[in-house]
Amino acid sequence: MTDTPFTIAGRTFSSRLIVGSGKYPSHAVMTQAIDASGAEIVTVAVRRVDLAARGGESLRDYLEARQLFVLPNTAGCYTVDDAVRTARLAREAGLSNWVKLEVIGDERTLFPDTEALVVATRILVSEGFVVLPYTNDDPIVCRKLEDAGAAAVMPLGAPIGSGLGIQNENNIRIICEFATVPVIVDAGVGTASEAARAMELGVDGVMMQTAIAQAQDPVAMADAMKHAVLAGRLAYRAGRIPRKMYATASSPVEGLIGT
């Protein structure tokens with residue numbers, strides 16, 4: 001089987017796993033885990049990281065040395081103005097014109113403010129940004145974000161950091177069916193089976209941070225997630241058998257000896 005490439009805004013990546021750079025117990029564990037994940041795209045929270053820090057041990061030094069693609073995100077932003085300003089700061093700091101756009105609507109649940117998200121997407125796209133918005137698993141909102149110029153849509157599987165897995169598989173399937181841009185499940189995946197399941201639904205990629213960074217062994221979990229995403233994508237392309245109410249013999253009964 002020949003797979004379609006994982007391409008966002010004209011740029012193709014070999015890994016469909018995107019990982020974050022926060023919440024790790026140490027910088028050393030973070031670097032080992034990112035290496036083990038095989039990910040090429042690593043998100044960086046612009047408001048929580050000193051992007052100017054240099055000297056060989058900074059996050060930026062590590063990412064640049066391995067030629068990883070840095071995806072700035074606007075984590076911690078609760079308004080359109082804050083999110084747009086943070087994206088601009090990242091670009092001015094020399095990262096890129098790509099941004100994982102987050103506009104949070106509620107401090108307790110961390111659910112996105114979808115109305116503000118559409119507005120911020122439209123503004124940033126008009127300024128030349130490649131926008132990947134984190135949003136609810138709502139097919140209508142995803143369509144509005146795509147109409148606003150989003151280069152991909154990133155619906156949540158479950159609340160950020162919850163580890164609950166994909167809570168609404170049907171919505172994710174509908175989003176995949178109608179989207180003409182890549183669909184990347186972002187947030188909620190807790191273990192490898194859930195990453196594989198997300199890929200089996202037909203998404204183009206999976207983004208995760210807490211599931212790896214706060215696992216008992218982040219490096220081993222990163223390796224597991226790498227294989228899970230690969231397996232899930234292969235299973236999706238292979239096409240699973242239909243579900244049936246009753247058993248079906250695994251071997252044909254025709255031609256049996258004695259019949």
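The values are calculated or read from the model by the stated rules, or taken from the named source; none is laboratory data. All of these numbers come straight from a predicted model, not from anything done at the bench. Here the Cβ is made from the backbone with ideal geometry for all residues, glycine too, and neighbour counts use every protein chain on show.
Close contacts from the range 107-121, counting a first residue that is closer than 13 Å to THR74 by Cα and of a type in the set (S, T, N, Q) and a second that is outside any loop (DSSP other than H, G, I, E, B) and modelled with pLDDT of 95 or more, with Cβ to Cβ under 8 Å and a gap of 6+ residues or different chains, come to THR121/LEU101; THR121/VAL131; THR121/PRO133; THR121/LEU145.
The set of residues from the range 204-218 being surrounded by 18 or more Cβ atoms within 10 Å (Cβ to Cβ) and either in a helix (DSSP H, G or I) or not aliphatic (A, V, I, L, M) (or both) comprises ASP204, GLY205, GLN209, THR210, ALA211, ILE212, ALA213, PRO218.
Evaluate the range 102-113: report whether one residue or more is of a type in the set (A, V, I, L, M), closer than 17 Å to ILE18 by Cβ and outside any loop (DSSP other than H, G, I, E, B).
Keep residues of the range 102-113 that are of a type in the set (A, V, I, L, M), which gives 103-104, 110.
With closer than 17 Å to ILE18 by Cβ added as a condition, the list becomes none.
No, that holds for no residue.
Evaluate the range 157-177: report whether one residue or more is of a type in the set (Val, Ile, Thr), surrounded by 17 or more Cβ atoms within 10 Å (Cβ to Cβ), in a strand (DSSP E or B) and in contact with a helix residue (DSSP H, G or I) (Cβ under 8 Å, 6 or more places away or on another chain). No, every residue in the range 157-177 fails to be of a type in the set (Val, Ile, Thr), surrounded by 17 or more Cβ atoms within 10 Å (Cβ to Cβ), in a strand (DSSP E or B) and in contact with a helix residue (DSSP H, G or I) (Cβ under 8 Å, 6 or more places away or on another chain). Tell me, yes or no, whether the range 224-233 has at least one residue that is outside any loop (DSSP other than H, G, I, E, B), modelled with pLDDT of 95 or more, among the basic types (Lys, Arg) and in contact with a strand residue (DSSP E or B) (Cβ under 7 Å, 6 or more places away or on another chain). Yes: the range 224-233 contains one or more residues that are outside any loop (DSSP other than H, G, I, E, B), modelled with pLDDT of 95 or more, among the basic types (Lys, Arg) and in contact with a strand residue (DSSP E or B) (Cβ under 7 Å, 6 or more places away or on another chain).
Among the residues making up the range 94-117, a single one is at positive phi and hydrophobic (A, V, I, L, M, F, W, C): LEU110. In the range 130-144, the residues that are over 17 Å from GLY105 (Cα atoms) form Cβ pairs under 9 Å with partners that are part of a helix (DSSP H, G or I) and small (Gly, Ala, Ser), at six or more places apart or across chains, as follows: VAL131/ALA87; VAL131/ALA120.
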